[in-house]
Each structure stands twice: as C-alpha cells, then as structure tokens.
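For reference, the structure I am asking about is given below.
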Amino acid sequence: MTLYIDPPVWPGHGRMWSHLISDVSFAELHAFAARLGAPARAFDRDHYDVPSTSYGDAVRLGAVEASSKELVRMLVVAGLRRPKHERP
C-alpha cells in the first residue's frame, strides 16, 4: 500500500494544502485518510485535500512525498484521474 502526497503549496481558506492520492484504488485512499483523521468532506474527486498541519503525520503514516505533476501522472496511469471538467 503506497499513498502519495505533494508539498503543502496550495493556498485556501487561510491555510496551505497538499493533495493525497493512491495509485491503486479509492478504497485504499479512503482507508489511509481515515487513519490520518481526514474528514470525508476533504475528498475531492480523486484526492484528499490535506492541510499543512497534517502533512508530517501523513508522511509518518507512510505517504511518499512526490511533486504535484507526479501525482497527476500517477492518477492518469492508474486510471483514477477525475478532472474537474469531467461530468459524472
């Protein structure tokens, strides 16, 4: 089980945010997010938004640090990418 997280460089709501993904399945992603204590509302189509205050915890739990571009590439290769413009 490998999860990936990008650096907390995304601003929003007075904080900086990271993206947490799985390159295997959403079930794996949801299970890891639950262990991290991320609320369900933090899930956004194909990733969890993780505040900078939880970044270290995610890495300590086993998330591998990767760039934002790498995260997108991994999601596309795994067939898990869900772009904003895509309709359900």
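The values are calculated or read from the model by the stated rules, or taken from the named source; none is laboratory data. All figures in this text were calculated on a predicted structure; none of them were measured in a lab. Reconstructed Cβ throughout: ideal geometry from the backbone, glycine too, with neighbour counts over all protein chains shown. Please note that ligands, DNA and RNA were not included when accessible areas were found on the heavy atoms of the full protein model with its side chains. Shrake-Rupley method; radii C 1.70, N 1.55, O 1.52, S 1.80 Å.
Only four residue types carry charge here, +1 at the Cβ of Lys and Arg and -1 at the Cβ of Asp and Glu. Report the dipole size of the chain about the Cα centre in Debye, rounded to the nearest 20.
In total the dipole reaches around 240 debye.
Another question, if that's okay. Which whole-number percent is the relative contact order of the chain (Cα, under 8 Å, 6+ apart)?
37 percent
I would also like to ask the following. Can you work out the accessible area per residue across region 13-65, with the rest of the protein chains kept in place, probe 1.4 Å, in square angstrom?
Counting only protein heavy atoms, the per-residue value for region 13-65 is 53 Å².
So in the chain, what percent of DSSP beta bridges are antiparallel if you round to the nearest 5?
85 percent
Follow-up. Which label marks the calculated value of Rg/Rh (Cα atoms, Kirkwood Rh), given the options (1) 1.02; (2) 0.93; (3) 1.23?
(2)
Before rounding to the nearest 500, sum -39500 (n - 2.57) across all DSSP H runs of length at least 4 in the chain and divide by the residue total; then give [θ] at 222 nm in deg cm²/dmol.
On the way: 3 runs with 31 residues, N = 88.
Helices in the chain give a 222 nm mean residue ellipticity of -10500 deg cm²/dmol.
Taking the mean number of other Cβ atoms within 10 Å as a proxy for protection, how do you rank 66-79, 47-60 from highest to lowest?
Values: 66-79: 14.4, 47-60: 17.3.
The packing order, highest mean first, is 47-60, 66-79.
Tell me, what % of the accessible area of the chain is carbon and sulfur with a 1.4 angstrom probe?
56 percent
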